[in-house]
Amino acid sequence: MFNPDNLVRNNIRNLKPYSSARDEFKGEANIFLDANENSLGSPLLKWYNRYPDPMQWKIKEKLSVIKQVPVDQIFLGNGSDEPIDLLFRCFCEPSVDEVIVFPPTYGMYEVSANINNVHLSKVPLTREFQLDLEALELAIKPNTKIIWICSPNNPSGNSIDRQDIEMVLNNFDGLVVVDEAYINFSRQKSFVGDLADYPNLVVLQTLSKAWGLAGLRMGMAFASPAIVAYLNKAKPPYNISEPVQELALKALDEIGQVNDMILQLVASRKLMEEELTRASSVVRVFPSDANFLLVEFTDARAMYDYLVAKGIVVRDRSNVLLCDNCLRITVGTELENQHLMQAINSFQ
Ligand SMILES: *Cc1c(COP(=O)(O)O)cnc(C)c1O
C-alpha cells in the first residue's frame, strides 16, 4: 500500500516547520504586537501592513466548492513552478533519486530537476504523442520517485490517454504528477475527481491559462492530505501575498465569465485549425485539447521569421524532439487570429 511517509526524504519527514506568530496565537484579540509588523500602516491607500494568511483558507474554501475537493487536499503555490519545485525538494534525494518525463513536454520539470540535482530520465512519447508504456516500464528504477505526465501536453496539445495514466497510477509506487494546466480546454475529465482512488496521485492546475491570470502567479496542487501536508511543511510560510489572495478570491466568483472565455477560445481553436489545415505552407495541424495548436510547416524557421517581421510572435518548437518544423501557436482574440491567418496565407 502506497504511503508517502515511506517516499518522503528523511529531512522533510523530520522537519520542524517554521512557526509564525499567527501559528502560535490563533485566538481573538484587538492588539497584535507579536509579528513585528508596522502597526502605523503603510504608504499605500490600502495598507497591507499585516502578514497574509499562510494557509490561504478563504481561497481553498472557494476552490473546494469549485473542484469538489476537501480543503486539506489543496496546496496553493506561487505559480505551478512552486509545487513542481517543492515536489522535488520533498520527495527526491539530490544525486540519489530519479524522476521520469515524457518529451516533448513542459520544460520546467527538467529545469527543476537540474536545480535540485535530481537525475531525470526521458522516455519519449510515441509519434502520436502518447505514453510508451513498455519503454516506461524499462525506465523505472528502484529509486524513481516521481513520474511527470502533462495532459493536455505542452507543446503537442493533445490529451494523454486516460487508461494509460490509470495504468501508471496503478502500477508505479512513487508519485504520479498529472499536470493539467490546460484541462479547461479539454474534452477529457480532470483527474481531480480520482484523488480518492489513487493515494500516489498529484494533480497540478493553475490560474495562468483558462482563468486568464498568468500575471497573478497562482498554481494549485491537489493530492492526498498527507502529501499536501508535506508540501505545506516545506513551503515558505507566506508564499501567496495578500493582494494576490484578494484578487484570486474575487476571480473565483466569476466562473461564468471564465467559462465564456473557454467556449470562445475553443471555438476559435477549431476555426484556426480548419484555416491552418488549408494553408499551403502547412503540412499538418496536430489535434489540440489546449489553447494552442502545434503546427507543422514546410519550413518552420522561415515562417517564424516571416511572422516576426509582421509583428507576430509564435513559439518555435522546431528543435524539440518529435516537433521538426513545428511552431506552437497560442489561440488569440478573433482579430489577432485573423491577422495571423492573413500573414500565414500571404507567405510565399
Ligand atoms: C503554462 C503551464 C503551467 C503554468 O505554470 P504557472 O507557473 O502556473 O504559470 C504549468 N504547466 C504547464 C504544462 C504549462 O504549460
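The values are calculated or read from the model by the stated rules, or taken from the named source; none is laboratory data. Everything quoted here is computed from the prediction, not taken from an experiment. Reconstructed Cβ throughout: ideal geometry from the backbone, glycine too, with neighbour counts over all protein chains shown. Ligands, DNA and RNA are excluded from the accessible area calculation, which covers all protein heavy atoms including side chains. Shrake-Rupley method; radii C 1.70, N 1.55, O 1.52, S 1.80 Å.
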Next item on the list: Inspect all residues belonging to segment 150-171 and state whether any of them is of a type in the set (V, I, T) and in a helix (DSSP H, G or I).
Entry: yes
Margin query: Filter segment 287-301 down to the residues that are in contact (Cβ under 8 Å) with a residue 60 or more places away in the chain and either of a type in the set (S, T, Y) or open to solvent by 20 Å² or more (accessible area, probe 1.4 Å) (or both) and list them by number.
Written below: P287, S288, N291
Notebook entry, point to check: Which one is least open to solvent (accessible area, probe 1.4 Å) among residues in segment 227-257 that are outside any loop (DSSP other than H, G, I, E, B) and of a type in the set (G, A, S)?
Noted result: A248
Next item on the list: Note down all Cβ pairs under 9 Å where the first residue falls in segment 80-93 and is closer than 11 Å to I115 by Cα and of a type in the set (D, E), the second is within 13 Å of the ligand (Cβ to nearest atom) and part of a helix (DSSP H, G or I), and they're at least six residues apart or on different chains.
Entry: D85/M108; D85/S112
Next item on the list: Identify, from the list T105, T126, the residue that is more than 16 Å from the ligand (Cβ to nearest atom) and farther than 19 Å from F172 by Cα.
Entry: T126
Check: Is there a residue being at pLDDT 95 or above and farther than 20 Å from P243 by Cβ anywhere in segment 50-63?
Finding: no
Next item on the list: Within segment 302-347, work out how many residues are assigned to a loop (DSSP other than H, G, I, E, B) and more than 29 Å from the chain's Cα centre (by Cα).
Entry: 3
Next item on the list: Working only within segment 132-161, note down all residues that are away from the ligand (no atom under 16 Å from the Cβ) and touching a strand residue (DSSP E or B) at 6+ places or on another chain (Cβ under 8 Å).
Entry: L136, A139, I140, K141, N143, T144, K145
Item checked: Qualifying residues in segment 207-226 (those that are under 18 Å from K62 (Cβ atoms) and open to solvent by 10 Å² or more (accessible area, probe 1.4 Å)) - the one nearest to the ligand (Cβ to nearest atom) -> S208
